[in-house]
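Enquirer: Following this message is one structure expressed as structure tokens.
Every read-out reported here was derived from the displayed coordinates using simple, explicitly stated rules and does not represent laboratory data. It should be emphasised that the depicted structure is a prediction, and the values quoted were computed from it without experimental measurement. A quick note on method: Cβ atoms are made from the backbone with ideal geometry, for glycine too, and the neighbour counts reach across all protein chains shown.
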Amino acid sequence: MKHIISVLVENRFGSLNRVAAMFSARGFNLESISIGETEDPEISRMTIVTRGDDQIINQVLKQLNRLIDTIKVTDLTRQPHVERELLLMTLKLSKTTQHEIFELINVFKGKVVDIKQKSITIEVIGSPDKINTSIDIFKPYGIKELARSGVVAIHRGE
Amino acid sequence: MHTTGQILNGSEIFFECLRRENVEYIFGYPGGSLLKVYETLHDVEDIRHILVRHEQGATHMAEGYARATGKPGVVLVTSGPGATNTVTGIANAYMDSSPIVVFTGQVPSSLIGNDAFQEADIVGITRPITKHNFLVKDVKELAITIRKAFYLATTGRPGPVVVDMPKDVLAATCAFEWPETVEIRGFKPTFKCHKNQIEKAAHKIAKAKRPLLYVGGGVITAEASEELRTLAIKYNIPVTMTLQGLGSFPGNHPLSMGMLGMHGTYWANQAVNNCDLLIAVGARFDDRVTGKIDAFATQAYKIHNDIDPTNVDKNIKVDLPVVGDSKDFLASLLEEMPEKTEDREPWLADIQKWRKKCPLSYTIEPDSLKTEFVIEEVSKQTAGNAVVVTDVGQHQMWTTQFYTFLNPRSIISSGGLGTMGYGLPAAIGAAFGVTDRPIILFCGDGGFMMNIQELVTAVYSRIPIKIFLINNSYLGMVRQWQELFHKEKYSFTDLGDSNPDFVKLAEAFGCKALMADNPENAKEAIKIALDYNEGPVLVDCRVVRKDMVFPMVPAGGAISDMLLARLNPKTMV
């Protein structure tokens, strides 16, 4: 089963490496990892997407906790949370397709971030499911390049 | 002794911090990045620097010292190759949870990342084999980092910590500040066991008809042997120990079952199979202990106490986890235990039957020497009071079977990593830490050659270790597996033609050396070695070449299915 784990770590060089290295050393699956500073500049938040049965996920959580640079580890999967991913994608553009592409951007509540004669760059924000769907839908128009941010997630407020 | 507020350079701060951490010995080797440190060291009188002959030796010495004393071992090496040579020793300390602090020199900060001369990213290299590691970027951070390093290495489940110190940081100056306390927000080990869990455990122990204590190195680290002894004896619970747990319970007590697992005793493994309650204390269900997981202690309700929560449910699913210090676990259990428990006599009678069915034994012949005899004879002549260090292989397993360990901190052996070459330096380190007990080293001829250079260190420091070289001129354990499981293809395990004359070799180092090749002269040589205290002594024990260690659980097999003897007696020549 897929799990989203939120980890607060010391904002120091090497923290990301320690986490990533632990995953590879212990053979845990690491689907995506994203990291950024929090409201406290000494602390960063990592959002990790991983897969495994309960026994494996328990080990993942404990091994994360065991790292000295981790301050707090939360499995958001088991709690109310919001998850988002950002997709940036450049598509081929032609007179025949541009109308449909603009319609689809609206359907996905996306934005145009750049447009050229023969290409268009768009952004889509949403759950990983929505991002996957949008990639599938835009594929026939010709994807030149794409970049995904990986999931970021947070608890729902009280 | 320097005072706080005084302006010091990094090297002076380094030694002042070690002084305040009560460091007695540094195992080290100088080099370019450490010139400033060694300049300062020249005038340091209260901390003794032991010059090793290879940095790997320094790490094993530090670990031997740490395991013998319980105090952290300290290593000091230069950057690049000096640092990379410590990797095996660090990995060994990590697997066996030994507190060592390794200080590495580093190229100047401005050159880091430039592929400078003698540069290696030792923080990157040692990340997966340390409890934690640091690169000190500012001399103002040096004291607090050293404080944290010692705190992390020794607190909770111990382990190795690396502190990387660039050359410019060691020369820069600042006002010395010594933090009295240390606070690391990401490191809060649980010492106190949960009361509810203890109550449940006490209840289960009282109700069990066939309980078994399975005890590991955590009990020795936690200094909980006293509590273990009380619990086992008061409630009549047999005790089996891992390699690192030997000595936590006296091996000559009727409740002692010896070691369990791959080369454990037949009766200990039978007891694991038949117990209705398994109480694991400070042990981690290592694959050499469990054999086939699905067939391990299938009838037992399993209680598992460990200070490291990652050990719980890692290899084996347990019924009652109790995270916390093993001393607190055992002491709290003693408080919670009811007066009356189930009768254990029928269970102890079963164990007695297994013990009689397949005891540990060997034959003595007048004109050949068996390793078992050498070990048992040393055990007798030292009355089980020695600190016994081993290398890795057959002699290591025979040591667990034929030396009777009576006290904690009596066996020092590479368990997790299985590092050949560990024994000699570890014995030297132990001898620096412990001077009131004999230090014995059992070492194979293969492993002895892997860190032979440290014999110099023992000789010039006049370290009275007693080296029993178990010389069968084979990589005996590998040979055993080749015979049993690899079609008798003895690839590259016969050292007979290439081994040196070990007596002459030892003498060339300035080490007293003897030879033994039968029970009679071995007995005499052991006596001479134990009486000799002017420096190291080596006894070249020319043992039977093709002996095998039994009983044995084949790798991945169930511990109920032990091989009890050689399959084909003809191969024993």
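Enquirer: Only Lys, Arg, Asp and Glu count, each charged at its Cβ (+1, +1, -1, -1), so figure out the dipole size of segment B:371-550 about its Cα centre, rounded to 20 debye.
Expert: In total the dipole reaches around 300 debye.
Enquirer: Sticking with this structure for a sec: Nearest 20 debye, what's the magnitude of the dipole of chain B about its Cα centre given +1 on Lys and Arg Cβ and -1 on Asp and Glu Cβ?
Expert: Details: 57 positive and 65 negative charges, 305 e Å.
In total the dipole reaches around 1460 debye.
Enquirer: So what is the 222 nm mean residue ellipticity for chain A from helices alone, if each DSSP H run of at least 4 adds -39500 (n - 2.57) and you divide by all residues, rounding to the nearest 500 deg cm²/dmol? Please list the in-between numbers first.
Expert: Values: 4 runs with 48 residues, N = 158.
Roughly -9500 deg cm²/dmol at 222 nm, from the helical runs in chain A.
Enquirer: Something else: Report the relative contact order of chain B, percent, no decimals, based on alpha-carbon pairs under 8 angstrom and at least 6 residues apart.
Expert: Values: 1300 pairs, mean separation 80.5, N = 573.
Relative contact order comes out at 14 percent.
Enquirer: So, one more: Please give me, ordered by residue number, the trypsin sites (Lys or Arg not before Pro) of segment A:79-139 that lie in loop per DSSP and have at most 14 other Cβ atoms within 10 Å.
Expert: Details: sites: A:Arg84, A:Lys92, A:Lys95, A:Lys109, A:Lys111, A:Lys116, A:Lys118, A:Lys130; in loops: A:Lys109, A:Lys116, A:Lys118.
Answer in residue order: A:Lys109, A:Lys116, A:Lys118.
Enquirer: Lys pairs in segment B:371-550, Cα-Cα under 25 Å, at least 8 apart or on separate chains: how many?
Expert: Within segment B:371-550, the lysine pair count is 18.
Enquirer: Which trypsin sites (Lys or Arg not before Pro) from segment B:133-189 combine a DSSP loop assignment with at most 14 other Cβ atoms within 10 Å?
Expert: Working: sites: B:Lys137, B:Lys140, B:Arg147, B:Lys148, B:Lys167, B:Arg185; in loops: B:Lys137, B:Arg185.
Answer in residue order: B:Arg185.
Enquirer: As an exercise, identify the GluC sites (Glu not before Pro) in segment B:43-82 lying in DSSP coil whose Cβ has no more than 12 other Cβ atoms within 10 Å.
Expert: Values: sites: B:Glu45, B:Glu55, B:Glu63; in loops: B:Glu45.
Loop-located and lightly packed - B:Glu45.
Enquirer: Only four residue types carry charge here, +1 at the Cβ of Lys and Arg and -1 at the Cβ of Asp and Glu. Report the dipole size of the protein assembly as shown about the Cα centre in Debye, rounded to the nearest 20.
Expert: Numbers: 79 positive and 85 negative charges, 375 e Å.
That gives the protein assembly as shown a dipole magnitude of about 1800 debye.
Enquirer: Would you list which lysines come within 23 Å of B:Lys137, measuring only between C-alpha atoms, while excluding same-chain residues fewer than 8 positions from it?
Expert: Straight-distance partners of B:Lys137: B:Lys36, B:Lys148, B:Lys167.
Enquirer: Between B:Asp494 and B:Asp350, what is the FRET efficiency for a Förster distance of 45 Å, r being their Cβ-Cβ separation, to the nearest 0.05?
Expert: Numbers: r = 43 Å, r/R0 = 0.96.
Here the calculated transfer efficiency is 0.55.
Enquirer: Any idea which of B:Asn114, B:His60, B:Trp178 is furthest toward the positive side of the dipole for segment B:35-186, if Lys and Arg beta-carbons carry +1 and Asp and Glu beta-carbons -1?
Expert: In segment B:35-186, that residue is B:His60.
Enquirer: Report relative contact order for segment A:82-155 in percent, whole number only (criteria: Cα-Cα under 8 Å, sequence separation at least 6). Show your work: numbers first, answer last.
Expert: On the way: 121 pairs, mean separation 38.7, N = 74.
Relative contact order of segment A:82-155: 52 percent.
Enquirer: Kindly identify segment B:7-175 as rounded, prolate or oblate by the Cα gyration tensor criterion: order the square roots of the eigenvalues as a ≥ b ≥ c, call it rounded if a/c is under 1.5, otherwise compare a/b with b/c, prolate if a/b is larger, else oblate.
Expert: Numbers: a/c = 1.42, a/b = 1.19, b/c = 1.20.
Rounded, since a/c falls under 1.5.
Enquirer: Kindly state, to the nearest 0.05, the FRET efficiency for B:Ser109 paired with A:Asn29, given R0 = 35 Å and r defined as their beta-carbon distance.
Expert: On the way: r = 37 Å, r/R0 = 1.06.
According to the calculation, E is roughly 0.40.
Enquirer: Compute the Cα gyration tensor for segment A:2-79, then decide on rounded, prolate or oblate, letting a ≥ b ≥ c be the square roots of its eigenvalues: rounded whenever a/c is under 1.5, prolate when a/b is larger than b/c in the other cases, and oblate in all that remain. Please report the intermediate quantities before stating the final value.
Expert: Details: a/c = 1.86, a/b = 1.45, b/c = 1.28.
It comes out prolate by the Cα gyration axes.
Enquirer: Also: When we measure straight from the Cα of A:Lys116, which lysines land under 19 angstrom away, once same-chain ones fewer than 8 places off are left out?
Expert: Excluding near neighbours in sequence, the set is A:Lys92, A:Lys95, A:Lys139, A:Lys144.
Enquirer: Then there is this: Which shape class, rounded, prolate or oblate, goes with segment B:195-357 when its Cα gyration tensor gives a ≥ b ≥ c as root eigenvalues, a/c under 1.5 marks rounded, and past that a/b bigger than b/c marks prolate?
Expert: Note, shape of segment B:195-357 comes out rounded.
Enquirer: May I ask you to derive the relative contact order of segment B:195-357, considering only C-alpha pairs under 8 Å and at least 6 residues apart, and to give it as an integer percent?
Expert: On the way: 307 pairs, mean separation 47.8, N = 163.
Value for segment B:195-357: 29 percent.
Enquirer: Could you work out [θ]222 nm for chain B from helices alone, using -39500 (n - 2.57) per DSSP H run of at least four and dividing by all its residues? Round to the nearest 500 deg cm²/dmol.
Expert: Working: 23 runs with 207 residues, N = 573.
Computed mean residue ellipticity for chain B: -10000 deg cm²/dmol.
Enquirer: To continue, here is another question. Take the cross-link list B:Lys207/B:Lys302; B:Lys71/B:Lys188; B:Lys195/B:Lys327; B:Lys71/B:Lys204; A:Lys2/B:Lys314; B:Lys200/B:Lys292 and give me the ones stretching past 24 Å between alpha-carbons.
Expert: Working: B:Lys207/B:Lys302 13 Å; B:Lys71/B:Lys188 21 Å; B:Lys195/B:Lys327 14 Å; B:Lys71/B:Lys204 36 Å; A:Lys2/B:Lys314 20 Å; B:Lys200/B:Lys292 28 Å.
Violating the 24 Å Cα-Cα cut-off are B:Lys71/B:Lys204; B:Lys200/B:Lys292.
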